[in-house]
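Working notes, beginning with the structure itself.
The values are calculated or read from the model by the stated rules, or taken from the named source; none is laboratory data. Note that the structure is predicted; figures quoted are calculated from it, not measured. In this analysis, Cβ positions are derived from the backbone assuming ideal geometry, glycine residues included, and neighbour counts consider all displayed protein chains. Note: areas computed on protein heavy atoms with side chains; ligands, DNA, RNA excluded. Shrake-Rupley method; radii C 1.70, N 1.55, O 1.52, S 1.80 Å.
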Amino acid sequence: MEDDEYGDSDYEHNEAIPEEEEDPDEFKDDETIQKECLEAFGSKDYIMEPGVFKDLKRYFKAGGTPEQVVVLLSENYTALAQTVNLFAEWLIFTGVNPTEVQQMVEDHLKQLILKHFDPKKADTIFTDGEGTPAWLESMIQHRTWRALFYKLAEAYPDCLMLNFTIKLISDAGHQGEIGSVSTACHEIGVFSKVLQTSFNQLLEGGEEAIVKHIIEFSKMVCYGEHTFLYAQVILSLLAQEDGGSSIIRRLSQEVQKAGKNKGEGVIQITLVLSAAALYPRACQALVSMIGRQALNPADVTVLFNMYSSNDPPPIELIRMPQLLQLLIKSLFTPGAVINPDHKHKYIFLLAFATCAHETWRKGKRISMIKDEMKATTQAIEKVHAICQKEDKGGTELLAELDAIFKHIRYPVVAMGVICWVEEVVSDPAYFQRMTDTTPLHLILLDEVVINCHQLMHKEVLDLLIRLFQDPFPQLDVLLQMELKKTILDRMVHLLSKGDVIPIIEFMVNCVNTQAADISLIRYFVMEVLDIISQPYSADFVQLFLPIINNEDITGSLRNEEGTDAVSQFLAHCQIDHGR
């Protein structure tokens, strides 16, 4: 039985209420019933209310007279709904699109409902014992009204009527829409369906879907410790299956990162699911460092001794994103202080976590592959030494580029280089000292992208966006413009490697918010048109076309013959996309 799995909620089994229900008027005298009904009949537009026929029966059964009913219902009839319909017909008659008129009415009605919604009155819907109202089942068939229920459920999480409605929406197959609704996190049945739908969406959509939906997914899973534990247990079980995909482990780690601010409980849950209970010393060291967000030689030594032994703990224990981030920052942040006697332990743990591979079956390790351990360790050591040298300017860094390019093919080194570059270019004086048109540190970001580290593209883009949004007040205006063009060149290069939509979305936002000089937007458009070719995807056209159509941006790029790149792009969009 489907209903059984949701528990015995107050609203759960309304449809199963026996027919011989206690009459609410059984202990009331006729005069009291008439008074209650007359008060209802005297309210505005009561004749339009669903309960009018029920109250009419009560009134006449109690001996009420028809004349008073007719007077009250007619005098208080203001025809509000009919007036709205009349105005709508007038708008359509004057030439307004019927769809626009419907949208106007629905939007205004939603605003009124959000403003005047009373959760106590809403809960009385289920006290009459008549089951789910037909109008409610009809409303949830429309996306507009489902969206309204989601907003109301966020505002009134304790309303039984709204909780029940969310369950109805989930049962109707729309659970994919309610992942961000906190109410879905209270009902285990609803949460399970939403979680399953989210899993399918992320697994089938691949990297693009993960980038697009992972924030919303993580927010839902990290709603509370109960949802975090439930989701992580499922992800852990799926990852242990023979067909357990790396995407499953990726989702689990993304959720860990999102939940790091939820307290120590997140760390404990993660460690328990990683079989850390079998290795209490490792567990204690991890909790200590991750809890304080800082490494220390004593705990690092504990982990080093355990993982350099002949029978190390599972690698998964030291693959926690928080620990890897701490190791990378310690090794690749300029000026970071590490005791020379312990440096090799830091490097060993980072290399072991990122390149060793093991296979487990039925709780036993059947293989351990460490073929790349030596090469990865040497790469980390070399680039770490370069990053720690002070005042590594253009000429000095040029001599080290070959070594960096050689080792940046290792993902862990590439991540370290991003961390290093971010720290260096965050120094306000960095760009003042630069004499090259393209700072070498920014060229290193291109090299990270070239080496096909797809998962790091977002890290690179986030850094470029932060740099582009920096006003650089310490620089001359002309130098600011040249620097931002250089940053745009890096974005265009990243776009050429597949990160099209995120970059175009950012530039659209810059146009809409006037966050960037028009000349910079024009420069970006010219660079993009120079590297793209048809056919263009519908998503790309939808985002890029408004920028192209902006006369202030592209007016000076067009010619009367229509042979310029802007005109050709517009012509292609007209032919292939009807725009």
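A search for C-beta distances below 7 Å between a residue of segment 495-512 that is small (Gly, Ala, Ser) and any residue that is open to solvent by less than 50 Å² (accessible area, probe 1.4 Å) and in a helix (DSSP H, G or I), counting only pairs 6+ apart in sequence or on different chains, returns nothing. When Ser533 is tested against (1) closer than 18 Å to Leu494 by Cα; (2) in contact with a helix residue (DSSP H, G or I) (Cβ under 9 Å, 6 or more places away or on another chain); (3) open to solvent by 80 Å² or more (accessible area, probe 1.4 Å), just one condition goes unmet, and that condition is (2). Does any residue of segment 533-550 turn out to be charged (D, E, K, R) and modelled with pLDDT of 95 or more? Scanning segment 533-550 turns up no residue that is charged (D, E, K, R) and modelled with pLDDT of 95 or more.
Output the residues belonging to segment 540-579 that are assigned to a loop (DSSP other than H, G, I, E, B), of a type in the set (S, T, N, Q) and within 34 Å of the chain's Cα centre (by Cα).
Residues of segment 540-579 assigned to a loop (DSSP other than H, G, I, E, B): 550, 558-564, 578-579.
If we keep only those that are of a type in the set (S, T, N, Q) as well, we get 550, 559, 563.
Residue satisfying the conditions is Asn550 alone.
Any chance segment 538-545 includes a residue that's under 28 Å from Val448 (Cβ atoms), among the aromatic types (Phe, Trp, Tyr) and buried (at least 18 other Cβ atoms within 10 Å of the Cβ)? Write out each step before concluding.
First, pick out the residues of segment 538-545 that are under 28 Å from Val448 (Cβ atoms): 539-540, 543-544.
Still in the running and among the aromatic types (Phe, Trp, Tyr): 540, 544.
Narrowing further to those that are buried (at least 18 other Cβ atoms within 10 Å of the Cβ): 544.
For segment 538-545, residues under 28 Å from Val448 (Cβ atoms), among the aromatic types (Phe, Trp, Tyr) and buried (at least 18 other Cβ atoms within 10 Å of the Cβ): present.
In segment 417-430, the residues that are open to solvent by 20 Å² or more (accessible area, probe 1.4 Å) and of a type in the set (Asp, Glu) form Cβ pairs under 6 Å with partners that are part of a helix (DSSP H, G or I) and modelled with pLDDT of 90 or more, at six or more places apart or across chains, as follows: Glu422/Leu463.
Residues are listed down the side, and each one gets a yes or a no for (1) of a type in the set (Gly, Ala, Ser); (2) exposed (fewer than 13 other Cβ atoms within 10 Å of the Cβ); (3) farther than 22 Å from Arg361 by Cα:
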{"site": "Ile210", "(1), (2), (3)": "no, no, yes"}
{"site": "Ile214", "(1), (2), (3)": "no, no, yes"}
{"site": "His226", "(1), (2), (3)": "no, yes, yes"}
{"site": "Leu229", "(1), (2), (3)": "no, no, yes"}
{"site": "Val233", "(1), (2), (3)": "no, no, no"}
{"site": "Tyr279", "(1), (2), (3)": "no, no, no"}
{"site": "Gln284", "(1), (2), (3)": "no, no, yes"}
{"site": "Ala294", "(1), (2), (3)": "yes, yes, yes"}
{"site": "Thr301", "(1), (2), (3)": "no, no, yes"}
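The sole residue among Leu114, Leu80, Leu86, Leu91 that is under 20 Å from Pro157 (Cα atoms), aliphatic (A, V, I, L, M) and open to solvent by 40 Å² or more (accessible area, probe 1.4 Å) is Leu114. The sole residue among Thr65, Thr32, Thr78 that is at pLDDT 85 or above and more than 19 Å from Ile125 (Cα to Cα) is Thr32.
In this entry, Val525 passes the filter for residues that are part of a helix (DSSP H, G or I), within 23 Å of Asp564 (Cβ to Cβ), in contact (Cβ under 8 Å) with a residue 24 or more places away in the chain and open to solvent by less than 20 Å² (accessible area, probe 1.4 Å).
Results for (1) within 23 Å of Phe332 (Cα to Cα); (2) of a type in the set (Gly, Ala, Ser); (3) over 30 Å from the mean Cα position of the chain (by Cα), shown as yes or no for each residue.
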{"residue": "Lys257", "(1), (2), (3)": "yes, no, no"}
{"residue": "Lys260", "(1), (2), (3)": "yes, no, no"}
{"residue": "Ala276", "(1), (2), (3)": "no, yes, no"}
{"residue": "Pro297", "(1), (2), (3)": "yes, no, yes"}
{"residue": "Met306", "(1), (2), (3)": "no, no, yes"}
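For segment 445-468, the criterion of being modelled with pLDDT under 90, outside any helix (DSSP H, G or I) and within 16 Å of Thr486 (Cα to Cα) is satisfied by no residue at all. Close contacts from segment 559-571, counting a first residue that is modelled with pLDDT of 90 or more and a second that is of a type outside the set (A, V, I, L, M, F, W, C) and surrounded by 10 or more Cβ atoms within 10 Å (Cβ to Cβ), with Cβ to Cβ under 7 Å and a gap of 6+ residues or different chains, come to Asp564/Arg558; Val566/Thr554; Val566/Arg558; Ser567/Arg558. Looking across Leu397, Leu401, one residue alone is buried (at least 17 other Cβ atoms within 10 Å of the Cβ) and modelled with pLDDT under 90. It is Leu397. Within segment 539-546, is there a residue that is touching a Phe, Trp or Tyr at 6+ places or on another chain (Cβ under 6 Å) and either free of Cβ contacts under 8 Å to residues at least 60 places away in the same chain or closer than 20 Å to Leu440 by Cα (or both)? Looking for residues that are touching a Phe, Trp or Tyr at 6+ places or on another chain (Cβ under 6 Å) and either free of Cβ contacts under 8 Å to residues at least 60 places away in the same chain or closer than 20 Å to Leu440 by Cα (or both), one finds none in segment 539-546, hence no.
With respect to the conditions (1) of a type outside the set (Lys, Arg); (2) modelled with pLDDT under 80; (3) assigned to a helix (DSSP H, G or I); (4) surrounded by fewer than 18 Cβ atoms within 10 Å (Cβ to Cβ), Ala184 lacks only one, and its number is (4). Screening segment 24-61 for residues that are under 49 Å from the mean Cα position of the chain (by Cα), part of a loop (DSSP other than H, G, I, E, B) and not polar (S, T, N, Q) and picking the one that is farthest from Ser74 (Cα to Cα) gives Pro24.
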